[in-house]
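Heads up, the thing below is written out as structure tokens.
The values are calculated or read from the model by the stated rules, or taken from the named source; none is laboratory data. As the structure is a prediction and not an experimental result, all values here were calculated from the model. Note: ideal-geometry Cβ built from the backbone for every residue, glycine included; neighbour counts use all protein chains shown. Just the protein is used for accessible areas: all its heavy atoms, side chains included, with ligands, DNA and RNA removed. Shrake-Rupley method; radii C 1.70, N 1.55, O 1.52, S 1.80 Å.
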Amino acid sequence: MNPQETSDLLAALMRQEELLKQLVATINKPKLGLHSEAGNCKIYCNRQHGGLWYTLNGEPSDVPQTALTGYLKELRFENTERRKKETCKLLITMQADRTYILESGYDTHFSKCILAAIATLTPEQLGVA
């Protein structure tokens with residue numbers, strides 16, 4: 001093999017290696033979200049309807065998945081009226097395959113646990129470093 005052929009082969013192998021790295025990174029990228037519908041999805045985080053969480057589209061609909069992965073975008077407390085009573089809710093906005101808004105009472109087990117878990121994250125993990 002002459003020096004030019006060796007150089008061309010080495011360049012082709014380096015391009016192939018780079019493409020392989022990109023392919024592996026794509027395969028290893030975590031799947032985000034619960035499903036792939038467009039738009040926002042509000043999820044109520046309590047066991048009131050028999051599951052871990054549910055959505056409302058007229059009637060409560062259990063969400064069968066047990067995990068939601070994504071990126072935390074916003075945490076906020078909001079005063080609202082439920083069952084003709086003033087109440088405070090924790091709203092967590094997550095970005096995944098779509099935007100998810102998780103709602104839970106401010107003093108529920110879910111809210112306390114999620115806030116405690118977030119408090120353990122480093123600035124790097126929170127994307128603020």
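Consider the stretch 42-89 and keep the residues that are touching a Pro at 6+ places or on another chain (Cβ under 9 Å) and not in a loop (DSSP other than H, G, I, E, B). The one that is nearest to Asp107 (Cα to Cα) is Tyr44.
Residues being farther than 17 Å from Tyr71 by Cα, open to solvent by 100 Å² or more (accessible area, probe 1.4 Å), over 20 Å from the mean Cα position of the chain (by Cα) and at pLDDT below 75 are entirely absent from the stretch 19-38.
Scanning the stretch 93-122 for residues that are β-branched (Val, Ile, Thr) and over 20 Å from Cys41 (Cα atoms) gives Thr108, Ile118, Thr120, Thr122. Residues that are in contact (Cβ under 8 Å) with a residue 12 or more places away in the chain, open to solvent by less than 70 Å² (accessible area, probe 1.4 Å) and not in a strand (DSSP E or B) within the stretch 103-113 comprise Thr108, Phe110, Ser111, listed in sequence order.
Only one of the numbered conditions (1) within 14 Å of Gly33 (Cα to Cα); (2) open to solvent by less than 100 Å² (accessible area, probe 1.4 Å) is not met by Leu56, and that is (1). Just to be sure, is Cys45 more than 14 Å from the chain's Cα centre (by Cα) and exposed (fewer than 15 other Cβ atoms within 10 Å of the Cβ)? No; evaluated as a whole, the condition is false for this residue. Restricting the stretch 93-102 to residues that are outside any strand (DSSP E or B) and over 10 Å from Leu72 (Cα atoms) leaves a set whose member that is least open to solvent (accessible area, probe 1.4 Å) is Arg98.
With respect to Leu90, is the statement that it is more than 17 Å from Lys42 (Cβ to Cβ) and either exposed (fewer than 12 other Cβ atoms within 10 Å of the Cβ) or modelled with pLDDT of 90 or more (or both) true? In short, no.
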